[in-house]
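Nothing in this text is a laboratory measurement; each read-out follows from the coordinates by a stated rule. These figures come from a predicted structure and were not determined experimentally. For neighbour counting, all protein chains shown are included, and Cβ atoms are generated from backbone atoms with ideal geometry for every residue, glycine included.
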Amino acid sequence: MTPFFKIDSRIENASEKALEMCREQFAVIDEITEYNQLKVQKAFIDNGISETHFVSSTGYGYGDRGRETLDKVWAQVFCAEDALVRHNFVCGTHTLATALFGVLRPGDKMVAVTGTPYDTIHGVIGIKGKGMGSLKDYGIEYSEVPLKNDRPDLDGIKDAIKTGATMAYIQRSRGYELRPSLTVEDIEEIVKAVRSVSPDTIIMVDNCYGEFVEKREPLEVGADIIAGSLIKNAGGGIARTGGYIAGRKDLIEKCSYRLTTPGLGKEVGATLGMNRELYMGLFYAPHTVGEALKSAVYISALFSVFGYDVTPKYDEKRADIVQSLGLENEESLVAFCQGVQSGSPIDSYLLPEPWDMPGYDSKVVMAAGAFTLGSSIELSADAPIREPYYAWIQGGLNFHSAKICAKLAAQQMLDKGLLKDGV
Ligand SMILES: *Cc1c(COP(=O)(O)O)cnc(C)c1O
């Protein structure tokens with residue numbers, strides 16, 4: 001109890017109980033965080049990072065040592081031959097698209113082996129929209145293997161890959177679906193299945209929301225290329241924009257020709273003073289991901305104490321930082337998001353309301369009070385107003401801050417007479 005926020009004693013009691021329930025998972029998270037922190041630290045030391053790597057370049061950015069060495073540090077951390085880490089990837093979708101367009105050629109075939117990919121990738125592939133220059137417009141074929149009972153369908157994957165596939169595409173995180181996220185072990189099984197029928201198929205992983213959640217990353221179990229956003233896990237809450245691609249050297253080179261131009265590739269790109277925060281973001285990432293995971297586990301425990309349906313459960317093994325809460329009705333979703341917003345360090349005075357978002361077929365209510373606009377390594381909640389009335393919550397730069405937001409969310413629900421009384 002603190003003098004700063006008014007929380008009903010029933011919520012405080014539920015919180016105490018939730019913390020007790022979290023103890024075991026918190027110890028697991030601490031152990032993984034420390035392992036990954038040391039992994040990152042070693043890469044900084046091995047590459048001799050110094051103040052000179054933070055120097056700003058302009059114009060073509062030729063010979064920017066900070067940029068070149070950042071790629072090396074990143075490659076070491078993610079067990080890659082090479083990496084492409086740039087502030088001028090404008091978001092995760094852009095980064096993934098650069099990798100897809102970089103690697104695939106007309107006549108190639110991409111197979112999504114973990115069901116339909118994340119929404120924003122549909123336009124890139126050409127599942128949705130016309131005339132935008134999608135992969136489909138360039139003659140790249142596409143097919144997908146749906147999940148089977150929410151799990152990768154290994155036999156279905158083998159059958160699909162057997163008929164000829166240039167790329168098998170895996171999405172590690174659940175994104176905004178209720179299916180379980182893939183563990184690195186799950187990815188390993190998919191890699192084995194693909195390799196057993198087609199050793200040369202390129203295996204790409206959308207690594208968004210997955211970085212540093214486990215000790216191993218997808219390249220360590222045989223994936224060829226991974227990509228992700230820097231305003232999620234891998235930017236540690238410090239990077240204000242950007243993305244990364246890591247993996248096989250020949251593939252990274254191809255991606256670099258897509259990011260800049262054929263012939264120039266990685267050799268150009270002014271860093272404009274961004275290097276320091278990209279280094280610092282990577283340095284912070286394992287710890288920040290640990291805080292986000294603790295936040296997710298706590299929210300899961302707290303709302304299961306109240307009697308709500310939660311996924312993952314507080315004691316389940318985590319494969320990403322996303323937490324879903326079944327809040328059962330529109331009023332509760334709105335109250336929850338308003339409560340989270342009211343405790344955010346930035347924009348606490350805003351009142352989230354459901355609105356029609358472009359690209360969604362139902363209204364959406366969102367809470368986001370972040371230092372970086374749209375950052376989802378910072379605590380944020382999104383809820384489409386439709387059955388089954390789930391809220392998706394992710395992030396948390398530090399556990400204590402996320403914890404009070406969760407309690408304020410419950411308080412807001414209680415004040416409106418909506419909170420279930422499982423206490
Ligand atoms: C966030 C996300 C993306 C897209 O990233 P943006 O930065 O929103 O463009 C793609 N795939 C997954 C699984 C994600 O979580």
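Note on the stretch 176-240: Cα convex hull, mean projected area over all directions, 5.1 nm². Counting every alpha-carbon pair across the stretch 203-247, the share separated by more than 18 Å comes to 22%. What are the lysines whose alpha-carbon lies under 30 Å from the alpha-carbon of Lys128, with same-chain residues fewer than 8 places away excluded? In chain and number order, the partners are Lys109, Lys136, Lys148, Lys158, Lys162, Lys232, Lys254, Lys363.
Taking each of Lys215/Lys407; Lys317/Lys407; Lys72/Lys266 in turn, the alpha-carbon distance tops 22 angstrom for Lys215/Lys407; Lys317/Lys407. Taking a sphere under 13 Å around the Cβ of Pro358 and counting the other residues whose Cβ falls inside, with K and R at +1 and D and E at -1, yields a net charge of -1.
Averaging Cα coordinates gives a centre for the stretch 89-112 and one for the stretch 208-231; these two points are 16 Å apart. Local charge for Glu214 was computed over the other residues whose Cβ lies under 13 Å away, with Lys and Arg +1 and Asp and Glu -1, and equals -2.
Distance distribution P(r), the stretch 11-111, all Cα-Cα pairs, bin width 10 angstrom from 0: 12, 25, 26, 20, 13, 3, 0 percent. Distance from the C-alpha centroid of the stretch 1-61 to that of the stretch 287-326: 16 Å, rounded to the whole angstrom. Per the Debye formula on identical point scatterers at the alpha carbon atoms of the stretch 139-274, with no solvent, log10 I(q)/I(0) at q = 0.10 Å⁻¹ is -0.38. Normalised by the number of residues in the stretch 146-273, the mean separation of alpha-carbon contacts (under 8 Å, six or more apart) gives a relative contact order of 18 percent. Structural size metrics of the chain, computed from C-alpha coordinates, are Rg and Dmax of 21.5, 65 Å. Legend: Rg and Dmax of the stretch 276-413, from Cα coordinates, 14.4, 45 Å.
For the stretch 276-336, the convex hull spanned by the alpha carbon atoms encloses 98 Å³ per residue.
Please give the Cα centre distance for the stretch 240-282 versus the stretch 337-358, rounded to the nearest Å. Going from one Cα centre to the other spans 34 Å. When the Cα atoms of the stretch 73-197 are aligned to their principal axes, the ranges along those axes come out at 38, 37, 29 Å in descending order.
DSSP bridge analysis restricted to the chain gives an antiparallel fraction near 65%, rounded to the nearest 5. All C-alpha to C-alpha distances of the stretch 219-321, sorted into 5 Å bins beginning at zero, yield P(r) values of 2, 11, 14, 15, 17, 14, 9, 7, 5, 3, 1, 0 percent in whole numbers.
Which net charge results when you count Lys and Arg as +1 and Asp and Glu as -1 among the other residues whose beta-carbon is under 15 Å from that of Val55? Before the final figure, lay out each step's value.
Details: positive: Arg65, Arg67, Arg276; negative: Glu51, Asp64, Glu68, Glu277.
Net local charge, Val55 excluded: -1.
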